[in-house]
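Asks: Sending over a structure as structure tokens; questions will come in a sec.
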Amino acid sequence: MYTSMPPSPPTRRALLRGALGLGAAAALSACGGAGTTPRTSGDVTLSLWTHDPGYEDFFVKGVPEADRATDFRYHLKVTRSGPADIVTKLLAQAVAGRGTPDLVGFEIGSFPRLLRGDISERLLHDFTPDIEAVPGLKDDLLPARTAPFSKDGRVYAFDSDTPMVVYFYRDDLFDRYKIPADVGT
């Protein structure tokens, strides 16, 4: 007898690795313009700007998984800078019309600059359709954790530092173990 189990929700790590794939897809789509043939395999260099060596380590570790999942061989070109400098450089390069990165690690305090006017919709990937494409994912994302990275109902980034409350506030487990949702600890 064959039975299928409901899929478990993606982990934070899987979601961030998915962002690597989405960044790669965005980079690849940006490579092709009118009159060019889209690439379907081969070497791809992704530009990563970050203030945190942890982001670099994370994506370096994710590259082999991305390589195995596609016909591409990914390489990272990393630029490290101060948190506020990354946003300033991104805006300057966007105005110049060249040299913007494929992936960016922002510090939350610098991110609101990207939510002004129509900057986010012009420069950042809108993850809203990706979230909606994964059954149950929207319900698993806490609004308090996506709000700082959202504008007009669109999610443009994810928090990579998940507080402990997120690990333990699970309605399904509260229900299963008969724990009141308003418990103080």
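Read-outs: derived from the displayed coordinates by stated rules, not from any lab. Owing to the predicted nature of the structure, the values given are computational and were not obtained by experimental measurement. Cβ coordinates were reconstructed from backbone atoms using ideal geometry, including for glycine residues, and neighbour counts include every protein chain displayed.
Asks: Which ³J(HN,Hα) values in Hz, rounded to whole numbers, follow from the phi angles of region 137-146 under the Karplus curve 6.51 cos²θ - 1.76 cosθ + 1.60, where θ = phi - 60° and Gly and Pro get x?
Replies: 5, 4, 5, 7, 8, 6, x, 5, 8, 9
Asks: Using 0.36 nm per residue of separation minus the Cα-Cα distance, give me the extension gain between residue 179 and residue 39 in nm, one decimal.
Replies: Details: separation 140, 0.36 × 140 = 50.40 nm, distance 5.24 nm.
Length gained, residue 179 through residue 39: 45.2 nm.
Asks: Sorted by packing (mean other beta-carbon atoms within 10 Å per residue), highest first, where do 111-120, 128-137 land?
Replies: Values: 111-120: 15.3, 128-137: 12.9.
Descending mean neighbour count gives 111-120, 128-137.
Asks: Using packing as a proxy for protection, rank 95-104, 49-58 so that the peptide with the highest average count of other Cβ atoms within 10 Å comes first. Could the numbers behind the result be given before it?
Replies: On the way: 95-104: 14.5, 49-58: 16.6.
Top of the packing list down: 49-58, 95-104.
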